[in-house]
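Worksheet for the structure shown next.
Nothing in this text is a laboratory measurement; each read-out follows from the coordinates by a stated rule. All values derive from a computational prediction rather than experimental measurement.
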Amino acid sequence: KEGFAYLSLLTDAYSRCIVGHCLHPTLEVEGPLHALHQAFTFYREHQIETKGMIHHSDRGIQYACGLYTSELQDRGCRISMTQTGDPLHNALAERMNNTLKNSWSVSSERQSFEEAKRSVDRAVQMYNEARPHQALGGKTCRSGCSDVQ
């Protein structure tokens, strides 16, 4: 209803958990940074070391800007970016976007921004806590998180 909204998702490739997310009204770095800080909180709470972790993204300006990349470098993360705009080079992220849009109706155009944020929060919770993954032997992300440590 109120214009565009931009969703930043950070997915842990091992556990398949969405470890950070933020719906933001602009493409500016604040949304992705909020999601990144959620991810670092998740890793700290699960006692998972981020030093040496690989952060893979597309070449969006919000992920390539100095503020975002310095957050990653300050925590010892390695930065990896796709070579082109080809979605196949970031397949995990593209699949995640598709799953959230199509499984839990995140992309409704009739929602206010606040309604859309609540919808995204519910979808992420359902994805992490209720959706079994073949790659995790039928476990949900959250139950698989205990195996990460």
Practice item. Quote the Stokes-Einstein diffusion coefficient, in whole µm² s⁻¹, for the chain, based on the Kirkwood radius over alpha carbon pairs, a temperature of 37 °C and a viscosity of 0.692 mPa s. Key: 206 µm²/s
Review point. Calculated from DSSP H runs of 4 or more alone, at -39500 (n - 2.57) each and per residue, what is the 222 nm mean residue ellipticity of the chain, nearest 500?
Key: -13000 deg cm²/dmol
Exercise for review: Filter the DSSP H helices in the chain by two things, a Kyte-Doolittle mean of at least 1.6 and an axial alpha-carbon span of 30 angstrom or more, and list the hits by number.
Suggested key: none
Revision key, fill the gap. Under 28 Å between C-alpha atoms, the lysine pairs in the chain lying 8 or more places apart or on different chains count 6
Point to revise | Residue-by-residue Karplus 3J(HN,Hα) for the stretch 47-52, coefficients 6.51, -1.76, 1.60, Hz, glycine and proline x | key: 6, 9, 6, 9, 5, x
Revision key, fill the gap. Note on the chain: contact order normalised by length, alpha-carbon pairs under 8 Å, 6 or more apart, percent, works out to 23 percent
